[in-house]
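Just below is one structure, and these are the notes that go with it.
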Amino acid sequence: GAVVSQHPSWVICKSGTSVKIECRSLDFQATTMFWYRQFPKQSLMLMATSNEGSKATYEQGVEKDKFLINHASLTLSTLTVTSAHPEDSSFYICSAVRTGGRSPLHFGNGTRLTVT
Amino acid sequence: GENVEQHPSTLSVQEGDSAVIKCTYSDSASNYFPWYKQELGKRPQLIIDIRSNVGEKKDQRIAVTLNKTAKHFSLHITETQPEDSAVYFCAASMEGQNFVFGPGTRLSVLP
């Protein structure tokens, strides 16, 4: 149990276009989902906390107008990278905690974004 | 906010030897400490975790110890195997809230 599905697993897009990444909890409900970014050989850095039915909370330095997060249901959160640039190329990973449950975080498989 | 440090950044051991990775945290309110293993290009996988009401936990070749007073916790891997080679991340959090990850340790097990 506790499976998190993330799609797509990889995407290549042109500079200036937008990319949407989906994160679904398949067998549990998740009031809160977290979006991380991981650059090569670095740790996971939290970008934002996604709360079902309310606005996401962004970490300092993360542009909320560039990284749009929508958490419309208890099983789906989406991250849209708008007007992508090459420096946005990274590994994006979502994670979820079971609603009302205890840790741990369950991670999606990640999305490798390459902006050309 | 929470700050997690992790040492060493890289670790090489001979197959069969033990490996120890140490982490420290700053927020005494943190009460949940997981360890994740990440292979290249893949998602982090939980390998073991410990809560603040426990001092030690073991699962086969893997063990974690926690010292709340000193605010540090350690991962111990015994009888290492080549497939243990990966990047290991520690994290600290309060239950159900965001995790703060350490910078990671790249473990290489040499055959």
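Structure notes:
- Extension gain (nm, one decimal) between B:Ser18 and B:Lys57, 0.36 nm per residue minus Cα-Cα: 12.4 nm
- Euclidean distance of C-alpha centroids, the range A:66-114 and the range B:9-79, integer Å: 25
- The C-alpha atoms of chain A occupy a region whose extents along the principal axes are 40, 26, 21 Å, arranged from largest to smallest.
- Cβ-based charge dipole, the protein assembly as shown, positive-most Cα from A:Ile21, A:Leu44, B:Asn3: A:Ile21
- Here the contact order of the range A:30-110, divided by its residue count and restricted to Cα pairs under 8 Å and six or more residues apart, works out to 32 percent.
- Relative contact order of chain B, pairs being alpha-carbon contacts under 8 Å that are 6 or more residues apart, as %: 37
- Per-selection Rg to Rh, the protein assembly as shown - Cα, Kirkwood hydrodynamic radius: 0.98
- Rounded FRET efficiency, nearest 0.05, which uses the C-beta distance separating A:Lys14 from A:Thr99 and R0 of 35 Å: 0.40
No lab work stands behind these numbers, since they all come straight from the coordinates. Here the structure is a predicted model, which means the values were calculated and not measured. Reconstructed Cβ throughout: ideal geometry from the backbone, glycine too, with neighbour counts over all protein chains shown.
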